[in-house]
Amino acid sequence: MKIVFLDAATMGDTPMTGIAEQGEFICYPDCSREESLSRCGDCEVVIVNKVRVDSVFLDHAPELKLVCEAGTGINNIDVEECSRRNVLVRNVAGYSTDSVAQCAFMHILNLMGNAFYYDSYVRNGEYSKGKIHTDPSNPFIESTGKTLGIVGMGAIGQKVASIGKAFGMRVIYYSTSGTSHCTEYPSVSLEYLLGESDAISIHAPYNERTAGLIGYEQMKLMKRSAVLVNTGRGGIEVEADLARALDEGLFKGAAIDVFEKEPLPADSPLLHMQHPERIIFSPHVAWTTHEARQRLADEMAENIRKGW
């Protein structure tokens, strides 16, 4: 059995012995569209993360039996066309729940806690020049008693909710699917969530219901002291509107891990703000702890082991 991983760079140095032991395993760090078409010709299993699997790709892969998504989202795979050609599609769900939740709350605490301001205050010499032992000019926000609003209450959203609860926060959520399955916390309208929350954390998929869900008009509903974190999917908040809203001081700050286009273009309005101190970036790393990537590799190996 020939197994080809077409864009394995996102896995870093994660051991993939469970996959390799099942056949001839060829691993490419990345590939262009043309390279992906030329490299899949005689493989029975292809592993992809962002590589597009469509009718043209399938035309070039006559031996293909199984497409393994190196992740959860399968927007890059034409599942219907695969089904029509008797090509099985398997993804991996749940491997990064703890990793993403930890990253999301790291950003929430950094924003509410003024972490980068305090670090800069010490590093730039302002603290050393001061006459008192502290800086009372920019106090951070206590989480206890504040409201955490979660957009998308799936497994990750529920994990973030439990962390917020441990920090003494009241939790509310907005169901992007319209079906409020979680009964542990109040399900509210998006408008209520935006106006009521002190911290908003996005954990929804990107689809026709969530694309551009939070734009400038929605951001105007937020508290001036609120923070917004997106470790879900890029494009749920409108990036140009986010830059504008932060520069205008409509709310305290934002932390963004996922973007409309990745990597983030150098001309993105988010990188050219008048007040860059109001936003924190991470390069789509919320899912990438060593533990999460190993779970992903192990589950992909199991998906191949199941056969077709």
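Cut-off 10 angstrom, C-alpha nodes, Gaussian network model of the chain. Which of His133, His203, His60 fluctuates the most?
Largest GNM mean-square fluctuation: His133.
Set the bar at 28 Å for Cα to Cα. Now go through Lys50/Lys306; Lys220/Lys261; Lys131/Lys165 and name every pair that lies beyond it.
Lys131/Lys165
Based on Cβ point charges of +1 for Lys and Arg and -1 for Asp and Glu, what charge dipole magnitude is obtained for the chain about its Cα centre, in debye rounded to the nearest 20?
About 840 debye.
Among Leu264, Thr14, Ser187, which residue has its Cα positioned farthest towards the positive end of the charge dipole of the chain, with +1 placed on the Cβ of Lys and Arg, -1 on the Cβ of Asp and Glu, and the dipole taken about the Cα centre?
Toward the positive end, the furthest listed residue is Ser187.
Do you know the relative contact order of the chain, to the nearest whole percent, from alpha carbon pairs under 8 angstrom that are 6+ apart?
In percent, rounded to a whole number, it is 17.
Sorted from largest down, give the three principal axis spans of the alpha carbons of segment 101-222, whole angstrom values.
Principal extents (largest minus smallest coordinate, Cα): 56, 31, 22 Å.
Which value, in debye to the nearest 20, describes the size of the charge dipole of segment 46-186 about its Cα centre when Lys and Arg Cβ atoms bear +1, Asp and Glu Cβ atoms bear -1, and nothing else is charged?
That gives a dipole near 360 debye.
Figure the gain on full extension for Glu34 and Asp98 (residue separation times 0.36 nm, minus the Cα-Cα span) and round it to one decimal in nm.
19.4 nm
Helix-only mean residue ellipticity at 222 nm, the chain, DSSP H runs n ≥ 4 weighted -39,500 (n - 2.57), per residue, nearest 500. What is it?
When only DSSP H runs of four or more count, the value is -8500 deg cm²/dmol.
Which is farthest toward the positive dipole end of segment 71-189 among Ser96, Pro136, Asn124, measuring Cα position about the Cα centre, with Cβ charges +1 (Lys, Arg) and -1 (Asp, Glu)?
Pro136
Need one number: the % of Cα-Cα pairs in segment 214-278 sitting beyond the 13 Å mark. Numbers along the way, then the final one.
Details: 1231 of 2080 pairs.
Within segment 214-278, distances greater than 13 Å cover 59 percent of Cα pairs.
In segment 158-271, if the dipole is taken from +1 on Lys/Arg beta carbons and -1 on Asp/Glu beta carbons about the Cα centre, which of Ile202, Val229, Phe167 is farthest to the positive end?
Of the candidates, Phe167 comes out farthest on the positive side.
In a shell of Cβ-Cβ distance under 12 Å around Ile256, excluding Ile256 itself, what net charge do Lys and Arg (+1) and Asp and Glu (-1) give?
Neighbour charge sum, excluding Ile256 itself: -3.
Just to be sure I understand: with springs between alpha-carbon atoms less than 10 Å apart, which residue in Arg39, Arg84, Arg295 has the highest mean-square fluctuation in the Gaussian network model of the chain?
Of Arg39, Arg84, Arg295, the most mobile in the Gaussian network model is Arg84.
If one computes P(r) from the Cα atoms of segment 138-177, what percent of pairs lie at distances over 14 Å? Don't jump to the answer; show the numbers that get you there.
Values: 351 of 780 pairs.
Tail fraction, whole percent: 45.
Roughly how many Å is it from the Cα centre of segment 206-260 to that of segment 64-105, as a whole number?
26
Let me cross-check His290: its accessible surface, 1.4 Å probe, with only protein heavy atoms counted, in Å² to the nearest 10?
Per-residue accessible area (His290): approximately 120 Å².
In whole Å, what are the Cα extents of the chain along the three principal axes, biggest one first?
So the three principal-axis extents are 70, 45, 35 Å.
Just to be sure I understand the model, the point goes 7 Å from the Cα along the line to the Cβ. What's the resulting Ser187 to Glu24 distance in nm?
That separation, rounded to one decimal, is 5.1 nm.
Taking 0.36 nm per intervening residue step and subtracting the Cα-Cα distance, what contour gain separates Ala166 from Tyr118 on full extension?
Here the answer is 14.8 nm.
With θ taken as phi - 60° and the coefficients 6.51, -1.76 and 1.60, list the Karplus ³J(HN,Hα) couplings across segment 60-68 in order, rounded to whole Hz; mark glycine and proline as x.
Taking θ as phi minus 60°, the curve returns 8, 10, x, 8, 5, 10, 9, 10, 9 Hz for segment 60-68.
Quote the FRET efficiency, to the nearest 0.05, computed for Gln294 versus Ile74 with a Förster distance R0 of 30 Å and r equal to the Cβ-Cβ distance.
It comes out at approximately 0.90.
The values are calculated or read from the model by the stated rules, or taken from the named source; none is laboratory data. This structure is a prediction, so every number in the text was calculated from the model and none was measured. For neighbour counting, all protein chains shown are included, and Cβ atoms are generated from backbone atoms with ideal geometry for every residue, glycine included. We work out accessible area using only protein heavy atoms, side chains counted, and drop any ligands, DNA or RNA first. Shrake-Rupley method; radii C 1.70, N 1.55, O 1.52, S 1.80 Å.
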